[in-house]
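The values are calculated or read from the model by the stated rules, or taken from the named source; none is laboratory data. Just so it is clear, the model here is predicted, and its values are computed rather than measured. Here the Cβ positions follow ideal geometry from the backbone for every residue, glycine too, while neighbour counts run over all protein chains shown. With ligands, DNA and RNA removed, areas are computed over all heavy atoms of the protein, side chains included. Shrake-Rupley method; radii C 1.70, N 1.55, O 1.52, S 1.80 Å.
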Amino acid sequence: MAKLTKITTQKKHKSRYNIFLDKGNGEEYGFSVDEEVLVKYRLQKNMELDEALINALIQTDTLHKSYTLAINYLSYRMRSEKEIRDYLKDKETDSEHIEEIISRLNKERLLNDQEFANSLVRTRIMTSSKGPLLLKKELLDKGVSAVKADEAITHYSFDKQFEKAMKFAEKKLRNDGRKSYRQQVQNVQQTLMQKGFQGDVIQEVIANLPEDEDEDAEWEAVVYQGEKLLRKFQSKVEGYELKQKVKSGLYRKGFTFDLIDRFIDENIKE
């Protein structure tokens, strides 16, 4: 049995208190507790504490510190249950305490995977160029169930997807002006797939792109790409072989035979 001899406030943490005990050999530091634990157990000077109670106080305080860590982690943004679990594991929290903390956070409505998923999707719609398939993968990676992830993705309507994908496609076309129109469209389609947009949205975007390429822009592009190929090959081959290499290279880049033949006629002599 030990007698509680003194309670002092910690200098750096005003909500934490040092507990001093006398176990028969004079006063010595025993342990520290948070203010919430101090009040809960009504700790005061001259109180008698047995070993079981001391252990309970230490365990309760340890649990409270871990709970406070979780609350602080949640203060920056919403978190999934898996994120909280992983964070507490990294802080070496006991598994039993993790379960208690998760249960408490759920009861206090501070943890809700469906609300977390809905919020993440709404935020990503406003701040990123990701499509719904990438957003679903992100949710699954954060431990959200497939059912909840699918429910959250319903907030990403077809119209919102189309609007975002179309803006990206138009920007992509402007940036790829030195490529053939055919290759530009292929790049748009491939990139939208990589960004996680669904097939029906991509098809709608492609269908709404300009039907015909700008002839002047296409010619400028074939000249740009053709001159690059000439610089690459003309020091190695000439004549017919040079023509074939340039023609093959331009065809792979999506240019029409008419433009390719025109470029070769104007730039490669036998």
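Using the Cβ-Cβ distance between Met1 and Glu96 with R0 = 25 Å, the FRET efficiency computed as 1/(1 + (r/R0)^6) comes to roughly 0.35. Put simply, when 161-171, 121-131 are sorted by average Cβ atoms within 10 angstrom per residue, most first, you get 161-171, 121-131. In the stretch 89-234, the inverse of the mean reciprocal separation of distinct Cα atoms equals 18.4 Å; this is its Kirkwood hydrodynamic radius. Helix 158-175: angle to the longest alpha-carbon principal axis of the chain, degrees 0 to 90, nearest 10? On a 0 to 90 degree scale, this one is about 50. A Förster distance of 51 Å, applied to the separation of the beta-carbon atoms of Lys11 and Asp159, puts the FRET efficiency at 0.30.
Per-peptide packing, taken as the mean over residues of other Cβ atoms within 10 Å, places 228-237, 39-48, 147-156 in the sequence 147-156, 228-237, 39-48 from highest down. With respect to the chain, whose longest principal axis is taken over its alpha-carbon atoms, helix 239-252 is tilted by about 40°. Under 14 Å from the Cβ of Ser75, count the other residues' Cβ atoms, weight Lys and Arg +1, Asp and Glu -1, and hand me the total. Taking every Cβ under 14 Å from that of Ser75, the sum is 0.
Positive end of the dipole of the stretch 1-128, charges at C-beta (+1 Lys, Arg; -1 Asp, Glu), about the Cα centre: which of Ser66, Ser95, Leu4 has its Cα farthest in that direction? Farthest towards the positive pole: Ser66.
Say the cut-off is 28 Å between C-alpha atoms; which of Lys65/Lys137; Lys142/Lys171; Lys130/Lys179; Lys11/Lys45; Lys45/Lys89 go over it? Those over the limit are Lys65/Lys137; Lys142/Lys171; Lys45/Lys89. Set against the 2.2 N^0.38 Å expectation for a compact globular protein, the chain has a Cα radius of gyration ratio of 1.82. For Glu36 and Leu209, a Förster radius of 45 Å and the Cβ-Cβ distance give a FRET efficiency of 0.15, rounded to the nearest 0.05.
Computed extension length for Thr127-Leu140: 2.7 nm, one decimal, from 0.36 nm per residue of separation with the Cα-Cα distance subtracted. Once C-alpha pairs closer than 8 Å and six or more residues apart are averaged by separation and normalised to the residue number of the chain, the relative contact order reads 11 percent. Compute the long axis of helix 95-107 from its Cα atoms, compare it with the longest principal axis of the Cα atoms of the chain, and write down the angle in degrees, 0 to 90, nearest 10. Here the helix axis deviates by roughly 80 degrees.
Helical runs assigned H by DSSP (4 residues or longer) give the chain a calculated mean residue ellipticity at 222 nm of -20500 deg cm²/dmol, each run adding -39500 (n - 2.57) before division by the residue total.
The alpha-carbon atoms of the stretch 10-94 define a convex hull whose volume equals 123 cubic angstrom per residue.
Taking the Cα centre of the stretch 98-178 as origin and assigning +1 to Lys and Arg Cβ atoms and -1 to Asp and Glu Cβ atoms, the resulting dipole is close to 520 debye. Give me the percent of the accessible area of the chain that comes from carbon and sulfur atoms, probe 1.4 Å, all protein chains in place. It is 46 percent, rounded to a whole number.
Translational diffusion coefficient of the stretch 1-151 (Stokes-Einstein, Kirkwood radius from Cα pairs, 20 °C, 1.002 mPa s): 119 µm²/s.
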